[in-house]
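The values are calculated or read from the model by the stated rules, or taken from the named source; none is laboratory data. Every value quoted in this text rests on a predicted model; they were computed, and no experiment measured them. Counting neighbours? That spans all protein chains shown, and the Cβs are built from the backbone with ideal geometry, glycine included.
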Amino acid sequence: MRQCVCFRCWRQAIAFRRCRRTVKITDRVARDERLSWERKGGVVLAAFLERIATEHTMARLLELTRLAESDVANQLRRFTKVGLLSRRTDVAVFPAEDHFRLPVEGVPRARALLQQADGGDLRELAGERGLDIDRALGDFSTQQPYSVALGKALRDTRIAIGRSQAEVAVAVPAVSGPRLSQIENGHALPTLIVLAELALLYMVDPVDLLMHAACHSKADKQVQALKVAEPTFRAVLTHKFAERRFRELTRTKPHRRQ
């Protein structure tokens, strides 16, 4: 039987071979056990965070993330739905092309989500793609404890308004001068009520203090295990878990004999 060599059949054969090659690549990506749902999102977020306020087409994102097209599309749909990414459709070209962008105001939330997915596997995946998690996280990526980050934020805010520790202790009776010193040095944590009272005196939002400390400290594994995506609630949980650890440390610490 003679094989057909017409131009139309030749084009179909080429298209079929390309399709098979694409399927093989997609299958190979999908078989990577490290590529969980959260890590795929982390790779996509890292690509956006390294290029803040820059528009990306699907083709460009596939090049940056090296993920299957369906995975990138699902993550774009996920982040666009919650308002993290903006989407613009260019109808001047055919076929119409979507452009996605991470606006500057969405950076803190994007970094909080990336921090939630952060881990050894994600860093490996990002490195293989030429992405840098630390660069994407910016100042978020630190190894200091939460209590130290919160203490620094409280000290810097107090100094900014020109108050001494003694003056603060008079204005906020719930915290003494020595106790405030411990808090600012990261050796103690204020309760949420005391934190709110200090924030009122310092004329700042207590949520901003919580968010700043949570985002400028080492990610809490207990909070990560709960898979809470909302940044403010994650910051509150980080504070409460840190409080619990301080209480447990106090209970287990041997008492000195008088």
Item checked: Conditions (1) under 29 Å from residue 235 (Cβ atoms); (2) outside any loop (DSSP other than H, G, I, E, B); (3) at pLDDT 90 or above: number failed by residue 35 -> (2)
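Scan the range 189-211 for residues that are under 17 Å from residue 244 (Cα atoms) and out of contact with any Phe, Trp or Tyr (no Cβ under 7 Å at 6 or more places or on another chain) and jot them down. Please lay out each step first, then the result.
Keep residues of the range 189-211 that are under 17 Å from residue 244 (Cα atoms), which gives 189-195, 210.
Residues satisfying the conditions are 190, 191, 192, 193, 194, 195, 210.
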Margin query: Would you confirm, using the coordinates I've provided, whether residue 190 is farther than 27 Å from residue 105 by Cα, in the same structural domain as residue 153 (by TED's automatic domain parsing) and surrounded by 14 or more Cβ atoms within 10 Å (Cβ to Cβ)?
Written below: yes
Checklist line | Single unsatisfied condition, residue 150 versus (1) farther than 30 Å from residue 201 by Cα; (2) aliphatic (A, V, I, L, M); (3) at pLDDT 90 or above | finding: (1)
Checklist line | Candidates 219, 196, 213, 225, filtered to the one that is small (Gly, Ala, Ser), outside any helix (DSSP H, G or I) and assigned by TED's automatic domain parsing to the domain that holds residue 160 | finding: 219
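Given the criterion outside any loop (DSSP other than H, G, I, E, B) and either at pLDDT 95 or above or among the basic types (Lys, Arg) (or both), identify the matching residue among 27, 71.
Details: 27 fails: either at pLDDT 95 or above or among the basic types (Lys, Arg) (or both).
Step by step, each of 27, 71 is checked, and only 71 is outside any loop (DSSP other than H, G, I, E, B) and either at pLDDT 95 or above or among the basic types (Lys, Arg) (or both).
Tell me whether the range 220-241 contains one or more residues that are farther than 30 Å from residue 45 by Cβ, in contact with an Asp or Glu (Cβ under 9 Å, 6 or more places away or on another chain) and crowded, with 18+ Cβ neighbours inside 10 Å.
Taking the range 220-241 first, the residues farther than 30 Å from residue 45 by Cβ are none.
Taking every residue of the range 220-241 in turn, none turns out to be farther than 30 Å from residue 45 by Cβ, in contact with an Asp or Glu (Cβ under 9 Å, 6 or more places away or on another chain) and crowded, with 18+ Cβ neighbours inside 10 Å.
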Checklist line | Selection from the range 103-125 of residues that are farther than 26 Å from residue 238 by Cα and either touching a helix residue (DSSP H, G or I) at 6+ places or on another chain (Cβ under 7 Å) or of a type in the set (Gly, Ala, Ser) (or both) | finding: 125
Check: If only one of 131, 125 is among the hydrophobic types (A, V, I, L, M, F, W, C) and assigned to a helix (DSSP H, G or I), which one is it?
Finding: 125
Notebook entry, point to check: When the residues of the range 193-214 are filtered to those that are surrounded by fewer than 17 Cβ atoms within 10 Å (Cβ to Cβ) and in contact (Cβ under 8 Å) with a residue 24 or more places away in the chain, which remaining residue is farthest from residue 115 (Cα to Cα)?
Noted result: 201
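Would you say residue 150 is surrounded by 19 or more Cβ atoms within 10 Å (Cβ to Cβ) and assigned to a helix (DSSP H, G or I)?
Details: surrounded by 19 or more Cβ atoms within 10 Å (Cβ to Cβ): yes; assigned to a helix (DSSP H, G or I): yes.
When the stated conditions are applied, residue 150 passes them.
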